[in-house]
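Since the structure comes first, as structure tokens, the remarks are kept for the end.
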Amino acid sequence: MAKSEHTAYAYLRTTKKFPNIWCAGCGIGIVMGALIRAIDRIGLDKDDVAVVSGIGCSGRMPVYLDFNTMHTTHGRALAFATGLKLAQPKLHVIVVMGDGDALAIGGNHFIHAARRNINLTAIVINNAIYGMTGGQYSPTTPLEMRAATAPYGHVEPPFPICELSIAAGATFVARSTVYHAIELDKLIEKAIRKVGFSVVEAVSYCHTTYGRMNKMGSAVDMMRMLKEHSVSLAAAEKLMPEERAMKIVRGVLHDVDKPDYMTLYNQVIERAKATISGKEFLRAGPGGLE
Ligand SMILES: Cc1ncc(C[n+]2csc(CCOP(=O)(O)OP(=O)(O)O)c2C)c(N)n1
Ligand code: SF4
């Protein structure tokens, strides 16, 4: 297939920002491909999409994508994205973050974006490490594994991204891996279509830092591990709890309907407008004059 015939080329800034900075074999490009296929299938106009990131290898994705894009500060992607969504509610805002970006410095923004149910899609590329800065441990580094800042093994338990998202109030939560590229794009498509705060955890790997420090082999070996250590939700339901706890469970883990932040906010505006004066509305308390 000629380069220009490939779906991805219509969505990439091929003449400006390539070649990319990612190590050969990294899974981040697979997530970018999945995102492109999801958007292409939904049929969104490029001008109606905004992709926002923080800093990190994963955070580099908006630089390559030809949508409205923001490459913001480390950990603050969701804060910028929230402002963008409130100012431009018609935009489909997709936030791409690494596990460090989303859950270490950005952890506060993450739980509050979920609690507020801001109508965004957050894609967390979980490689269990700070890739860009040389392999320091992140909030998802598993116990006992080695990192540049834990040369004798890590002593902190990891955050389970999906369970945290559900507890914090997200409406849609799903997980897949970069081995399961087609499944991943279907989950991203569902997440973008969902109204409310939707989260997709894309489990990836960093063979050049975490993989090397933990003697996990090449990118291909780490990809194979994702295949062997993951199960679909249906298969996971047949496992004993202790067996299930050892697996990466893939699929839609949570899907509920509830009004998003802007819907509730617009209702407040309408109620306020319907009153004779703002002061009267305030005196009436919660629920306005209804
Ligand atoms: C406020 C701030 N703190 C720290 C950094 C340094 N820094 C840049 S990327 C990064 C970690 C990236 O890890 P992650 O978000 O997991 O993404 P990955 O590189 O693994 O894709 C850090 C700590 C920064 N740029 N800004
Ligand atoms: S450092 Fe790790 S996460 Fe970053 S591009 Fe290389 S393999 Fe990927």
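Each DSSP beta bridge with both residues in segment 1-140 is either parallel or antiparallel, and the antiparallel ones are about 10%. Averaged over residues, the count of other Cβ atoms within 10 Å places the peptides 185-193, 118-126 in the sequence 118-126, 185-193, highest first. For a paramagnetic label modelled on Lys46 (point 7 Å from Cα along Cα→Cβ), amide N atoms under 12 Å away belong, within segment 67-86, to 67-69. With 21 Å as the limit, write out which pairs from Lys215/Lys238; Lys16/Lys46; Lys17/Lys227; Lys85/Lys258; Lys17/Lys85; Lys186/Lys238 have Cα-Cα distances beyond it, or answer none. Too far apart for the 21 Å limit: Lys215/Lys238; Lys17/Lys227; Lys17/Lys85; Lys186/Lys238.
Its DSSP H runs of at least 4 residues, each contributing -39,500 (n - 2.57), put the calculated 222 nm mean residue ellipticity of the chain at -10000 deg cm²/dmol, to the nearest 500.
Evaluated with a Cβ-only charge set (Lys, Arg +1; Asp, Glu -1), segment 80-176 carries a dipole of roughly 420 debye about its Cα centre, given to the nearest 20.
Note down the net charge around Asn20, summing +1 for each Lys or Arg and -1 for each Asp or Glu among other residues with Cβ under 13 Å from its Cβ. Neighbour charge sum, excluding Asn20 itself: +4.
Across segment 228-243, computed HN-Hα scalar couplings (Karplus, 6.51 cos²θ - 1.76 cosθ + 1.60, θ = phi - 60°) run 6, 9, 10, 9, 6, 4, 4, 5, 5, 5, 8, 8, 5, x, 5, 6 Hz from first to last residue, x flagging Gly and Pro. Each label was represented as a point 7 Å from its Cα along the Cα-to-Cβ direction; for Ile105 and Met262 these points are 2.8 nm apart.
Among DSSP beta bridges whose residues both lie in the chain, state the antiparallel percentage, nearest 5. In the chain, approximately 20 percent of DSSP beta bridges are antiparallel ones.
For segment 1-118, the per residue solvent-accessible surface stands at 44 Å², with DNA, RNA and ligands left out and a 1.4 Å probe. Within segment 95-166, the chymotrypsin sites (Phe, Trp or Tyr not before Pro) that combine a DSSP coil assignment with at most 12 other C-beta atoms in a 10 angstrom radius are Tyr152. Considering only Lys194, Lys258, Lys238, the Gaussian network model of the chain with Cα springs below 10 Å gives its largest mean-square fluctuation to Lys238. The DSSP beta bridges internal to segment 107-200 are antiparallel in roughly 25% of cases.
Within the shell defined by Cβ-Cβ distances under 13 Å, the residues around Lys258 carry a net charge of 0, with Lys and Arg each +1 and Asp and Glu each -1.
For Lys194, the aspartates and glutamates whose Cα comes closer than 12 Å to its Cα, not counting residues fewer than 8 places off in the same chain, are Asp255, Asp257, Asp260.
Take the Cα radius of gyration of the chain and divide it by 2.2 N^0.38 Å, N being the number of residues; the result is 1.06.
Phi angles across segment 264-270 convert, under the Karplus curve 6.51 cos²θ - 1.76 cosθ + 1.60 with θ = phi - 60°, into 3J(HN,Hα) values of 5, 5, 5, 5, 4, 4, 4 Hz, Gly and Pro given as x. Only protein atoms count toward the accessible area here, which uses a 1.4 Å probe; on the chain, the carbon and sulfur part of that area reaches 57 percent. Considering Cα pairs under 8 angstrom that are at least six residues apart, work out the relative contact order of the chain and quote it in whole percent. Contact order relative to length: 16 percent. With contacts taken as Cα pairs under 8 Å at a separation of at least 6 residues, segment 105-162 carries a relative contact order of 21 percent. Summing Lys, Arg as +1 and Asp, Glu as -1, what charge do residues with Cβ under 14 Å from the Cβ of Ser53 carry, Ser53 excluded? Taking every other residue near Ser53 into account, the sum is +1. Placing +1 on each Lys and Arg Cβ and -1 on each Asp and Glu Cβ, with no other charges, gives the chain a dipole about its Cα centre of roughly 420 debye.
The values are calculated or read from the model by the stated rules, or taken from the named source; none is laboratory data. Treat the numbers as computed from the prediction; the structure is a model and nothing was measured. No Cβ is skipped: glycine too gets one built from the backbone with ideal geometry, and neighbour counts run over all protein chains shown. Accessible surface is based on the protein model in full, side chains and every heavy atom, while ligands, DNA and RNA are left aside. Shrake-Rupley method; radii C 1.70, N 1.55, O 1.52, S 1.80 Å.
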